[in-house]
Amino acid sequence: DDGAEFKDVLQAMGTLQFSSSTVESMLKIIAGILLLGNITFDQGSDSSTSKISPKSKEDLVHCAELLGVNQDMFTYCLTEKKMQVGKGSIIGIVLSVAQAEENRDTIAKTMYSNMFDWTIVKVNSTLKSPTEAPYSIGILDIFGF
């Protein structure tokens, strides 16, 4: 039962001294990561460029809102990159559809990995006893990316 398991997770987070604002932030990040995976790309003005698919616009807006980032900058980060050429010239390059998809997936994996690593540090610091040898709990995330 997903509802019961979610309730157990929230209860465990409370036991491990995760504040309600931290739990809320974590849930927003997870929801943002899931929505990020729904964003699709269409071919841009030529075959080597991409743009956010109009059918993904609502997911993009909601994802940016959940992650607390500017929607226009988020769109830029998903579809373009900057490169330094020579000794200071910086140029913008629009990504192809395949590159934009890979970029989106890399962003999602990085956010998930960073939050997972932070969670392990938080759990270990909560469980750490000042009088005993430093032990830690490692978690194998077989369902992650």
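Could you please find all residues in region 8-39 being touching a residue at least 40 places away in the same chain (Cβ under 8 Å) and outside any helix (DSSP H, G or I)?
Result: L16, Q17, F18, G37, I39.
Looking only at region 68-98, which residues are touching a residue at least 12 places away in the same chain (Cβ under 8 Å) and among the basic types (K, R)?
K81 - this is the single residue of region 68-98 that is touching a residue at least 12 places away in the same chain (Cβ under 8 Å) and among the basic types (K, R).
Search region 99-115 for residues that are touching a residue at least 24 places away in the same chain (Cβ under 8 Å) and pair each with any residue that is among the basic types (K, R) and open to solvent by 40 Å² or more (accessible area, probe 1.4 Å) when their beta-carbon atoms are under 8 Å apart and the residues are at least 6 apart or on different chains.
So the pair list comes out as N103/K81.
Tally up the residues in region 59-118 that are hydroxyl-bearing (S, T, Y) and either open to solvent by 80 Å² or more (accessible area, probe 1.4 Å) or touching a helix residue (DSSP H, G or I) at 6+ places or on another chain (Cβ under 6 Å) (or both), please.
2
Can you work out which of the residues in region 1-54 that are among the basic types (K, R) and over 25 Å from G92 (Cβ atoms) is most open to solvent (accessible area, probe 1.4 Å)?
The selected residue is K7.
Does any residue of region 126-135 turn out to be of a type in the set (A, V, I, L, M), part of a helix (DSSP H, G or I) and at pLDDT 95 or above?
No, every residue in region 126-135 fails to be of a type in the set (A, V, I, L, M), part of a helix (DSSP H, G or I) and at pLDDT 95 or above.
The values are calculated or read from the model by the stated rules, or taken from the named source; none is laboratory data. If you're wondering where the values come from, they're calculated on a predicted model, not measured in any experiment. Neighbour counts run over all protein chains shown; Cβ positions are idealised from the backbone, glycine included. For accessibility, only protein heavy atoms count, side chains too; no ligands or nucleic acids. Shrake-Rupley method; radii C 1.70, N 1.55, O 1.52, S 1.80 Å.
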